[in-house]
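Just below is one structure, and these are the notes that go with it.
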Amino acid sequence: MNPQLHQFIVDYGLWAVFGGTLLEGESVVVLAGFLSHQRLLHLPYVMLCAFAGSFLADQALFYLGRRYREHRYVRRIRAQPAFGKALAAVDRYPHGFILALRFLYGLRTVGPVALGVSQVPPMRFLALNALAAAIWALCFSLVGYLFGQTIESLLGRLHGVETKLAVAAVIGAATWLVYWWYARRRRRR
């Protein structure tokens, strides 16, 4: 067991969760949930960091779409094919779209900008975004935690930080592959 690597994860792991959820995050949160089962991170703090990063990223993108509709970055997002689909979903089911947004692959950036461009009131988005971020953080961190419990019951207590990180990397890769496969399957329909 490498004590320096162990201490590095303990010291900076939660910052990595926060930073990872600002961008995309599912595999980061699952990985952090697994590491919390291995007692390298604390599960409630993982959930809190996942919530904060996800919530803040979507709030920022919402206000970007609301305030800077004609900015070149927003225009580039609006030109994507997924933007039209997201805007149509917002028009039909605004509350459901906000709550489901984090669970829909490929809409993490486009969705909040589409909501910002739409007529959804900012306070309504804030409240539903907070609820959705809490549900998302809870679900994905628990998936990693429970997966860690399952792996441990199958393989026995994992020893060494390197072993834990290797298993965590496999978990992250598997999560990404499931999302990729699901998105590809949906695009074919």
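The values are calculated or read from the model by the stated rules, or taken from the named source; none is laboratory data. Please read these numbers as outputs of a predicted model, since none were measured by experiment. Neighbour counts run over all protein chains shown; Cβ positions are idealised from the backbone, glycine included. Quick note on the areas: whole protein, heavy atoms, side chains included, nothing else; ligands and nucleic acids left out. Shrake-Rupley method; radii C 1.70, N 1.55, O 1.52, S 1.80 Å.
Working carefully through the options Phe140, Phe125, find the one that is at pLDDT 95 or above, open to solvent by less than 60 Å² (accessible area, probe 1.4 Å) and assigned to a helix (DSSP H, G or I).
Phe125
Consider Pro81 carefully, then state whether it is more than 21 Å from the chain's Cα centre (by Cα) and within 25 Å of Leu177 (Cβ to Cβ).
yes
Considering only the range 96-110, state which residues are without any contact (Cβ under 8 Å) to a residue 60 or more places away in the chain and within 22 Å of Trp176 (Cβ to Cβ). Walk me through how you get there before you give the answer.
Filtering the range 96-110 for residues without any contact (Cβ under 8 Å) to a residue 60 or more places away in the chain gives 96-104, 107, 109-110.
Answer for the range 96-110, where residues must be without any contact (Cβ under 8 Å) to a residue 60 or more places away in the chain and within 22 Å of Trp176 (Cβ to Cβ): Ala100, Leu101, Arg102, Phe103, Leu104, Leu107, Thr109, Val110.
Taking the range 56-78 only, how many residues are open to solvent by 20 Å² or more (accessible area, probe 1.4 Å) and assigned to a helix (DSSP H, G or I)? Spell out how you get there, then give the answer.
The first filter runs over the range 56-78 and keeps only residues open to solvent by 20 Å² or more (accessible area, probe 1.4 Å), leaving 56, 60-61, 63-64, 66-73, 75-76, 78.
Next, only the ones that are assigned to a helix (DSSP H, G or I) stay: 56, 60-61, 63-64, 66-67, 72-73, 75-76, 78.
Summing the residues that are open to solvent by 20 Å² or more (accessible area, probe 1.4 Å) and assigned to a helix (DSSP H, G or I) in the range 56-78 gives 12.
Here is a yes/no grid of residues against (1) in contact (Cβ under 8 Å) with a residue 24 or more places away in the chain; (2) of a type in the set (S, T, N, Q); (3) within 24 Å of Ala174 (Cβ to Cβ):
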site	(1), (2), (3)
Val10	yes, no, no
Glu24	yes, no, yes
Leu35	yes, no, yes
Leu41	yes, no, yes
Pro44	no, no, no
Gln59	yes, yes, no
Arg69	yes, no, no
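Yes/no matrix, rows are residues, columns are (1) in a helix (DSSP H, G or I); (2) aliphatic (A, V, I, L, M):
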position: Phe83; (1), (2): yes, no
position: Asp91; (1), (2): yes, no
position: Gly96; (1), (2): yes, no
position: Leu99; (1), (2): yes, yes
position: Pro112; (1), (2): yes, no
position: Leu115; (1), (2): yes, yes
position: Val120; (1), (2): no, yes
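If you take the residues of the range 2-34 that are touching a helix residue (DSSP H, G or I) at 6+ places or on another chain (Cβ under 6 Å) and more than 27 Å from Gln59 (Cα to Cα), which of them is surrounded by the fewest Cβ atoms within 10 Å (Cβ to Cβ)?
Step by step, filter the range 2-34, then rank; the result is Asn2.
I want to confirm something. Restricting to the range 81-95 and keeping residues that are open to solvent by 80 Å² or more (accessible area, probe 1.4 Å) and in contact (Cβ under 8 Å) with a residue 24 or more places away in the chain, which single residue is nearest to Leu128 (Cα to Cα)?
The residue in question is His95.
Considering only the range 38-55, state which residues are open to solvent by 20 Å² or more (accessible area, probe 1.4 Å), out of contact with any Leu (no Cβ under 7 Å at 6 or more places or on another chain) and in a helix (DSSP H, G or I).
Leu43, Pro44, Leu48, Phe51, Ala52, Phe55
Any chance the range 56-68 includes a residue that's small (Gly, Ala, Ser) and farther than 20 Å from Val113 by Cα?
no
For Tyr105, are the conditions met, namely being farther than 17 Å from Ser141 by Cβ and in a helix (DSSP H, G or I)?
no
Taking the range 150-189, which residues are over 20 Å from the mean Cα position of the chain (by Cα), at pLDDT 70 or above and among the β-branched types (Val, Ile, Thr)?
Thr150, Ile151
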